[in-house]
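Novice: First, the structure itself, so that you have it in front of you.
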Amino acid sequence: MNLIKLTLAKFVLLFLIIIIIFAIPAFAETIVLKSGEKINANVIEKNDNYVKLDVKGSLIVYRTFEIQSIAGKEIPPTKNIAVKSASQSKSKLAVSSPEIVESAIITAKEYLQRGIIYYSKEEFNHAISNLNEAIKINPAYVEAYLYRGLSYAGQGSPDKAIVDYTTAIKINPKNEEAYFVRGIAYAAVREIDKALADYNKAIELNPKYVQAYLNRALLNMAAGNNDQAIVDANKVMEINSTFAGSYYLRGLAYANKNSLEQAISDYTKAIEMSPQYAESYANRGLARAYNIIEKAKLDPNSPIAYVNIGIAHVDKTNFDRAISDCNKAIELNPKYIEGYIMR
């Protein structure tokens, strides 16, 4: 009996050890580059020529000669390949991939690719350092300026972003993306006229630029130009009739104009197209509530007492529908603060 208990205890202990081993995630190691930059990542593969890293689920390759140490261990000098400066490369924009790592030349495109990955992971400092290198190699690299600008914006430095977007525009005045992202940066620093001008230019270069219409509409609404916002929303519907956001946005503009029936209709359309659209439910609920109040105020046969003692008595059913919409918005997104406020 004791032997059975002992064996069972060993089995349980072994089982727990197995669980613990498999439950422990791979620990990130600190990689120190020769530039002084530090990267926390999991090392997937390492040899004399390169190191493959897992950075938040994305693969990034560094040449061995770029690395000072990994987890505190110094990296010996590269023996198998002759190190050349990237500026010596005749093919500065050659395609680079994890498989093409035997070369000692790091191209501008490789630096750009690294920068884009780091940007997508919100590792903005690492993104900027790689994009800096891409620009050193190719000072006319529009994409590198755009992504460095986006990284600066991600850090909360829209002024620096504007400088990079402007440089990109000087290099290629027909790049609609550069105008669009500069418009966002100008809006962030409250340069509304400049932001509108950039959105206008982006649309001029690409008349089907949906996001530029939407951003322009939002700025026009903020400035009280709701009719122009409606025109932009209508244009988006022409370009893409299945995009629920255009109906939501037009609903906002109609609500601002106090055209509440039209706003409710647009929010309803947005919900039909995208049943998970929490904001549409919440704003439809708010529009329904205000619509009841407005009708009570405008009806000459409605005693003012209705307003004073509580409009809910005018049309309780529609108020219930309004609350139901807010409930749905909160159900879809429990962190949607506006839904609670509207309810």
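Novice: Could you tell me whether region 44-53 includes any residue that is outside any loop (DSSP other than H, G, I, E, B), open to solvent by 100 Å² or more (accessible area, probe 1.4 Å), hydrophobic (A, V, I, L, M, F, W, C) and modelled with pLDDT of 50 or more?
Specialist: Yes, the conditions are met somewhere in region 44-53.
Novice: What number of residues within region 109-125 are closer than 9 Å to residue 147 by Cβ and either open to solvent by 60 Å² or more (accessible area, probe 1.4 Å) or not β-branched (Val, Ile, Thr) (or both)?
Specialist: Adding up the residues that qualify gives 3.
Novice: Can I ask one more? Could you check how many residues of region 191-219 are touching a Leu at 6+ places or on another chain (Cβ under 8 Å) and under 18 Å from residue 252 (Cα atoms)?
Specialist: Qualifying residue count, region 191-219: 5.
Novice: Please tell me if residue 252 is at pLDDT 80 or above and open to solvent by 20 Å² or more (accessible area, probe 1.4 Å).
Specialist: Numbers: at pLDDT 80 or above: yes; open to solvent by 20 Å² or more (accessible area, probe 1.4 Å): yes.
Here the answer is yes, as residue 252 does meet what is asked.
Novice: Name the single residue that is farthest from residue 241 (Cα to Cα) among those in region 290-306 being at pLDDT below 55 and in a helix (DSSP H, G or I).
Specialist: So the first thing to find is which residues in region 290-306 are at pLDDT below 55, and the list is 296-306.
So of that shortlist, the ones also in a helix (DSSP H, G or I) come out as 296-298, 305-306.
Values: 296: 35, 297: 36, 298: 35, 305: 45, 306: 41 Å.
The extreme case among them is 305.
Novice: A further question follows. I'm trying to understand the selection: among the residues of region 198-213, which are of a type outside the set (Lys, Arg) and over 12 Å from residue 169 (Cβ atoms)?
Specialist: Matches in region 198-213: 199, 200, 203, 204, 206, 207, 209, 210, 211, 212, 213.
Novice: Just to be sure I understand the filter: pairs with C-beta atoms under 6 Å, separated by 6 or more residues or on different chains, first member in region 218-233 and touching a residue at least 24 places away in the same chain (Cβ under 8 Å), second member among the basic types (Lys, Arg) and part of a helix (DSSP H, G or I). Which pairs pass?
Specialist: Sorted first by the residue in region 218-233, then by its partner, the pairs are 230/250.
Novice: Could you tell me how many of the residues in region 268-289 are among the aliphatic types (A, V, I, L, M) and either in contact with a Leu (Cβ under 7 Å, 6 or more places away or on another chain) or outside any helix (DSSP H, G or I) (or both)?
Specialist: Residues of region 268-289 that are among the aliphatic types (A, V, I, L, M), as a first pass: 270-271, 273, 278, 282, 286-287, 289.
Still in the list and also either in contact with a Leu (Cβ under 7 Å, 6 or more places away or on another chain) or outside any helix (DSSP H, G or I) (or both): 278, 287.
Matching residues across region 268-289 total 2.
Novice: Sticking with this one: Determine the pairs where a residue that is over 10 Å from residue 145 (Cβ atoms) and open to solvent by 70 Å² or more (accessible area, probe 1.4 Å), located within region 168-179, has a partner that is among the small types (Gly, Ala, Ser) and part of a helix (DSSP H, G or I) with Cβ atoms under 8 Å apart, the partner being 6 or more residues away or on another chain.
Specialist: If the second residue must be among the small types (Gly, Ala, Ser) and part of a helix (DSSP H, G or I), the pairs left are 177/202.
Novice: Could you please give the count of residues in region 128-157 that are part of a helix (DSSP H, G or I) and either polar (S, T, N, Q) or open to solvent by less than 30 Å² (accessible area, probe 1.4 Å) (or both)?
Specialist: Filtering region 128-157 down to residues part of a helix (DSSP H, G or I) leaves 128-137, 142-154.
Still in the list and also either polar (S, T, N, Q) or open to solvent by less than 30 Å² (accessible area, probe 1.4 Å) (or both): 128-132, 134-135, 137, 142, 144-146, 149, 151.
Residues flagged as part of a helix (DSSP H, G or I) and either polar (S, T, N, Q) or open to solvent by less than 30 Å² (accessible area, probe 1.4 Å) (or both) within region 128-157 amount to 14.
Novice: A further question follows. Which ones in region 66-77 are within 20 Å of residue 118 (Cβ to Cβ) and not in a strand (DSSP E or B)?
Specialist: 66, the sole residue that qualifies.
Novice: Separate question: Given the conditions (1) among the small types (Gly, Ala, Ser); (2) touching a Gly at 6+ places or on another chain (Cβ under 7 Å); (3) at pLDDT below 95, report the number of the one that residue 96 does not fulfil.
Specialist: (2)
Novice: Here's a check for you: in region 180-205, which residue that is under 22 Å from the mean Cα position of the chain (by Cα) and over 18 Å from residue 163 (Cβ atoms) is surrounded by the fewest Cβ atoms within 10 Å (Cβ to Cβ)?
Specialist: Residue satisfying both the conditions and the ranking: 192.
Novice: Let me ask another. Looking at this structure, is residue 32 open to solvent by 40 Å² or more (accessible area, probe 1.4 Å), more than 19 Å from residue 113 (Cβ to Cβ) and either at pLDDT 50 or above or not in a helix (DSSP H, G or I) (or both)?
Specialist: No, not satisfied.
The values are calculated or read from the model by the stated rules, or taken from the named source; none is laboratory data. What you are looking at is a predicted structure, and each value in this text was computed from that prediction instead of being measured. Every residue, glycine among them, receives a Cβ derived from its backbone with ideal geometry; neighbour counts consider all protein chains shown. Keep in mind that these areas ignore ligands, DNA and RNA; they rest on the heavy atoms of the full protein, side chains included. Shrake-Rupley method; radii C 1.70, N 1.55, O 1.52, S 1.80 Å.
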